[in-house]
1. Work out the mean other chain Cβ neighbour count within 10 Å for the residues of B:82-92 and drop it here as an integer.
2. Write down, largest first, the equivalent ellipsoid semi-axes of chain A in whole Å, where each equals the square root of 5 times an eigenvalue of the alpha-carbon gyration tensor.
3. From the mean inverse distance of alpha carbon pairs (Kirkwood) and the Cα radius of gyration, derive Rg over Rh for the stretch A:279-519.
4. Using each residue's phi in the stretch B:151-167, evaluate 6.51 cos²θ - 1.76 cosθ + 1.60 at θ = phi - 60° and report the 3J(HN,Hα) Karplus result to the nearest Hz, with x for Gly and Pro.
5. Go through A:Ala117, A:Leu480, B:Ala196 and say which Cα lies farthest out towards the positive end of the charge dipole of the protein assembly as shown; charges sit on Cβ, +1 for Lys and Arg, -1 for Asp and Glu.
6. Which value, in debye to the nearest 20, describes the size of the charge dipole of chain A about its Cα centre when Lys and Arg Cβ atoms bear +1, Asp and Glu Cβ atoms bear -1, and nothing else is charged?
7. Please give the peptides A:120-132, A:400-412 ranked by average Cβ packing (other Cβ atoms within 10 Å per residue), highest first, as a rough proxy for protection.
8. Going highest first, how would you order A:290-298, A:270-278 by mean Cβ packing within 10 Å?
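Values quoted throughout were computed directly from the atomic coordinates according to the rules given, and no laboratory measurement underlies them. A quick note: this is a predicted structure, and the numbers were derived from the prediction, not measured. For neighbour counting, all protein chains shown are included, and Cβ atoms are generated from backbone atoms with ideal geometry for every residue, glycine included.
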Amino acid sequence: MTGWALLLRTFLRRDRWHFLWWSVGLAILYVSQGWSVDGLYISQQDFDEAAALMESNTAFIAMTGPPRALNTTGGQVIWQSAAFGAVTIGLMSMVLVARHTRHEEETGREELVRAAAIGRYASLVATTVTVLLANLVAGALVGGGLAAYGLPVADSLASGAGLALCGAFFTGVAVLAAQLTSTTRGLYGLTGAVIGTAYLLRAIGDVGSSWLSWVSPIGWYQAMHPYSGLRWWPALLLVAAAALALSVGYLLFVRRDLGSGLMAARPGPARAGAGLRSGFGLAWRLQRGSVIGWSVGMLLGGLSYGSIGDQAGDLLGDSDLTREMFAGGAEDLVDGFYGFSLIMLALIATAFTLSAVSRPRSQEEAGHAEMLLATGVTRLRWLAGQLAVCLLGTFLVVVCAGVGLAVGYALATGKGSGFERFALPMLAQVAPLLVVLGFAVLLYGVIPRLLAAGWALLGFAVVVLMFGEVFRFPEWLRNLSPYEHLALAPAEPFRIAPFLVLLALAAVLTGLGAFAFRRRDIA
Amino acid sequence: MATSPIEIHGLTKHFGATVALDRLDLSVAKGEIHGFLGPNGAGKSTTIRVLLGLLRKDAGEVVLLGGDPWADAAELHRRLAYVPGDVNLWPNLTGGEVIDLLGRLRGGINRRRRDELLERFELDPTKRGRSYSKGNRQKVALVGALASDVELLLLDEPTSGLDPIMESVFQSYVDTFRDNGGTVLLSSHILAEVEALCDRVSIIRSGHVVESGTLSELRHLTRTAVRVDLASPPRGLAELEGVYDLEVDGTRARFSAETARLDTVLAALVDVGVRSLTATPPTLEELFLRHYGDQLEPTEP
C-alpha cells in the first residue's frame, strides 16, 4: 500500500471537476423537486388531489418508487428523486472507478505507476477512497441542500446518507467488475447491468411483488422512508452489501495479472461479415449500439410522458407559471402539455442527432477517415454513409418517442386516439431535427473544429421553449429556433407549408456542407 | 503505360503560413521500389497525402497512375494500397474485419494471400482493434495492403514497430510485389530497409527534393573514405583535385576522395607504390547526413 496517499492526492486533483459537477447535479436534482412542487401547488387542496392521482398511477410508481406522503414536499422530493439519484450516483461511481482502474491499465499508464516505488494495492486503495469520498461529498451536498431548503433535518441527512451508501455499493460493484473484465467497456457493461437490474427489481417490487424491492439496493434506500417515518436500519443492508462487494473485488484483485481480467476477452470474428462492405455498413456497425440505446430510451421517455394521460391538468396544478410554460397559449391544458412534451422529446432526440453527426469528425481525427478515403470510397459516399446512419437513427428515435407517447397514453386512459394526436405530430418533429443536422453538416464541411456549435443551437432552442413565453422573447428571436415553426399539435391541425420549408432548409444546409467537405483538406 | 505511376512537378502546399512542400519534384518509374527519405517533418507524409487526394495542392502538377489524384481519387485508389505510419484501428472491429473491409472497399482481396500473410506475419485476426499493440496494428494494415491485387503501394513508414523478423518478412513480400511488376513508393527513415529494397531514392528536405537517383548514382556524387599504406611518404596528394581531409602519418595516409575522381587519385597512389588499401563507399547514412549535417551540428557556421 506504500504510496497510496500520494496517489490519492493526484486522483483527487484529477477528479476535482467530477466531484463538483456530479454532486452539484445531484443536489439540484433533489432540491429542484422541492422547489417545483412548492411552485406548482398553491393550495393544500390542489396538492392533495394531485397526490391522490399520483398514488393511483402505476406507471409513475414503477418509474419512481413507493408512494408515501405524496401530499408533503418532503414526500414528493424523495419519491421523485431517490431512484434517479441512486442510478446517477451509481453511474458516477462507475465512471470514476473505470477512470482509475481499467482505463489506466488499458492505456498502459498503470504500468508506469506500478513500476515506481509504489505498493501493489496503492492505486486500488486510492481509487476506492477517492470514489467513496465523491459519494460522501454528493450525499452531504444533497442532505445539506434539502435541510437548507427547509425540510426536516434528520430526514434530509438520511436522504443524503442513503444516497451516498447506494454510491458506495455501486463503487464496490464497479471495483469487482474491474477485476472480472479486461476493458473499460466491459466494466461499464457489467456495472451498468447491475445498476439497471437494481432499478428494475424495485420497479416491479413497488408495483406488485413487494419482496423484489427488498432484493434491490435502491429499494433499501427507499425503504429508509425519509420524510414519512424515517428509519435507519435499511442503511445497514447497504453498508453490508457495499463491504461485501468491495471485499470480493479486493480478493479477486490479487488473483489476476496487471492488464488482464478474470474473464478472458472473447475473440471476435476472423473475417468480416456480409454487412461490412461499404461506408454505410461500417458506420452502422459503429453506431448501432447508440441508435438502439437511444431508441429504447426515447420509447421509455415517450411512455412516461404518455402515461400522464388526461391527468396533466390536475397534476400540474393551476398556477400561472404552469399555464405559461406548458399551455403556450393553448386553451386546453392537456393539449398544451402534450404540445410541450412533443417539442421536449424532439429536443432530447436532437442530442442523439448531434452526437451521431459528430462521428465523421471524430473518425477523421482518429485517422480512420484517411484509411477509408485511401480506398475506392469517394468522399461523398463516405460522408453519405455516415449521414445515412445519422438520418436513420434520427427517424427511429423520433418514431420510438411518438409510439411511446401513444402507448403510454393508451395504457393510462384506455384511448387509442394518442396515435393520431401525438404519434403522427411527433413524426413531423423530424423536420426541425434535420435542420439542426444540416447546420452541423455545414459546420463540419466548412470549419470542422466549430462543429460543437451545433449544440449551441440546441441550447438556444431549449431556452426558447422553456422561457420564450415567460420572458416574452421578441418574435424574430424565437423564430431562430427551428422548433418554433411547426403547428402546435395536438391543439392545432398539421400545416404542410412550414414542414416542407424546414425540410428544404435542411437539405440546402446539408448539401452546402457536403459540397464544402469535398473541397477541403482531410485532417 | 507511357507515363510513370507517379509524376510530380513543382508541387507546393501551404498550411497557413508554413510551407509544407516547396516546388517538390518526384518521379517514380513503373516496376521500381522508390525510397523516399527525409527526417520527420520534411514533407514525406504531406506528399503522400496529396497523392491520395486527401490534401489539395496549392500549385504544381501531380499525376498518379495517369490520372488526377484529386479529381479521380476513388477510381485511382482501386489500383493502389496505402499503409500509414501510424495505423489507428476501430477499437471494436477485429483485425480480420478491418483487413476484409479495406480490401472490399478497394475492390477485392486475394483470400489465399490474405491467409498466407496472416500466417507469415503471425497475426491473430480475431483480436479487437483496441487490444493490438503498435506493431500488430501496423501488421493489420500491411496484410490488408499486400493481400490486395494492386499496381502501386504507397507505404508511409510502414514498418515502425515491427521486429527484425517481421521486417524481413515485409521486405520479401515487397520484393516479390516489385518482381511481379508492381511499383512502390516507400517513405522511411530506416536506412537499412531502404538500402536493402530500393532501386532509386529521393531525399527530401524542407519540402523540396534535394537528391534523387539510384543508390550508386548518389554514391557517385559523394566521397569514398580511403586508408592507404604506401611504399614511401606520399607527395603531392594534398594538391590533387578531389582529395579532402588528408591526414598523413609517415607512409600511412587517410583521406576522403570524390568518388567521381577516384581514377586519378588511385593513379597517383600507384605511382608511389601501394602496400595496402581499404576504400569504403559511403553508406546511405553518410549520404543522408551530408544533406542534414548542418541540422545535426547547429553550432558550426
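1. Other-chain Cβ atoms within 10 Å of each residue's Cβ, averaged: 4.
2. In descending order, the three semi-axes are 38, 36, 20 Å.
3. 1.01
4. Result, ordered by residue: 9, 9, 10, 9, 10, 9, 6, x, 9, 5, x, 8, 7, x, 5, 5, 4 Hz.
5. So the residue furthest toward the plus end is A:Ala117.
6. Dipole about the Cα centre, nearest 20: 2580 debye.
7. Output ranking for A:120-132, A:400-412: A:400-412, A:120-132.
8. By packing density, highest mean first, the sequence is A:290-298, A:270-278.
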